[in-house]
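Inspection log for the structure reproduced underneath, given as C-alpha cells.
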Amino acid sequence: MSPTPAPRRGVARVISKLGWGSRTQAAEWVRAGRVRVNGRVVYDPEFPTRQGFDRIDMDGRDPGQARRIVLMLNKPRGLVTTAQDEQGRATVYGCLASAGLPWLAPVGRLDKASEGLLLFSNDPVWSARLTDPASGLPKTYHVQIDRLPHAALLQDLQRGVMVAGRRLAVQSARTLRTGEKNAWLEIALTEGRNRHIRRLLEALDVSVVRLVRVALGPLPLGTLAKGQWRMLTQQEIDSLC
C-alpha cells in the first residue's frame, strides 16, 4: 500500500512549520516574491504545498529544516506575551531585542502580571507537543496570596471549583512560607487554562499578590536573573519532550 501523501497546506504555513520564521513573516516573504515552489515564484501565502514533497526555496536558496532552538526567559512582571500589542504595551520581545536571534515564538504564555519561566522556540510542532495537556508535563508556580492559608484552602485547590461552568483545579498545593499577613504557596498544574490559578483562587475569595512560574517539568528557572535569557542545552530540551 502506498504511503498517504502529506496534506496540502498554504506555503506560508509550511514555511512556518519548517522553522524559518513566523507565519506572518512567511506571508510577507511570499507576497514579496521571495519564495518559489518547485521552481515557480508564488505570491499567494495560501498556495497549496506539501511539506517534504514540494521543493521550497527562498531567495534562490533552500534553507532546509531549521535546527531546533529553545530559549528560556525569566519574564518580568508587566510584559505581555506577544510579538506586537494593539494597545502599545511592552512585550516580552523587548527582552530579546538586539540579540541577533532567529525567529522564535513563545511556548505557551504568561499573563501580563505573571513572572518567571517562559520558553521560546523556532519549532512550532515541538512547542504544540510540549503545551498539549496530554503531555502531562507539570508547571510549577510560587504564588504569594493576601492571607495565611489553612488546610481547607489547600484541599479546595486540589479538589477544584466550578468557574464559569468549568472545573478548575491544581495537581498539588503546599505552603512554602508564611509572614504576618500573607503567605507563599507552591502550586503545580498539568494543564493551564487562561489565568487558571488566579481565577481559581479568586473563586475561593483569595487574591494573588505575585505569581512566578519556577519550573516546567524537570526544568527549573534556577538563578536566571529577571529579564535575562539563555539557550537550553540539548539535554534540557530532550528532558522536556
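The values are calculated or read from the model by the stated rules, or taken from the named source; none is laboratory data. All figures in this text were calculated on a predicted structure; none of them were measured in a lab. Ideal geometry is used to build each Cβ from the backbone, glycine not excepted, and the neighbour counts take in all protein chains shown.
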**OP:** Select from segment 85-142 the residues that are of a type in the set (Phe, Trp, Tyr) and under 16 Å from Gly217 (Cβ atoms) and list them in ascending order.
**Re:** Trp126, Tyr141
Original post:
Restricting segment 208-239 to residues that are in contact with a helix residue (DSSP H, G or I) (Cβ under 7 Å, 6 or more places away or on another chain) and small (Gly, Ala, Ser), which is farthest from Leu71 (Cα to Cα)?
Top reply: Gly217
**OP:** Determine if segment 128-146 includes at least one residue that is under 17 Å from Leu232 (Cβ atoms), among the aliphatic types (A, V, I, L, M), modelled with pLDDT under 85 and surrounded by fewer than 12 Cβ atoms within 10 Å (Cβ to Cβ).
**Re:** no
**OP:** Identify, from the list Arg177, Arg166, Arg109, the residue that is charged (D, E, K, R) and under 22 Å from Met231 (Cβ atoms).
**Re:** Arg109
**OP:** For Glu191, work out the one condition from (1) in contact with a strand residue (DSSP E or B) (Cβ under 8 Å, 6 or more places away or on another chain); (2) of a type outside the set (S, T, N, Q); (3) not in a strand (DSSP E or B) it doesn't fulfil.
**Re:** (1)
**OP:** Could you check, for segment 86-100, whether at least one of its residues is aromatic (Phe, Trp, Tyr) and assigned by TED's automatic domain parsing to the domain that holds Arg230?
**Re:** yes
Original post:
Of the numbered conditions (1) touching a Lys or Arg at 6+ places or on another chain (Cβ under 7 Å); (2) in contact (Cβ under 8 Å) with a residue 40 or more places away in the chain, Asn38 satisfies every one except a single condition; which is it?
Top reply: (2)
Original post:
Which of the residues spanning segment 85-106 are at pLDDT 85 or above and under 17 Å from Gly227 (Cα atoms)?
Top reply: Arg89, Ala90, Thr91, Val92, Tyr93, Gly94, Cys95, Leu96, Leu104, Ala105, Pro106
Original post:
In segment 1-59, which strands (runs of 3 or more DSSP E) lie fully inside it and hold 2 or more residues that are touching a Ser or Thr at 6+ places or on another chain (Cβ under 8 Å) and modelled with pLDDT of 85 or more?
Top reply: 8-10
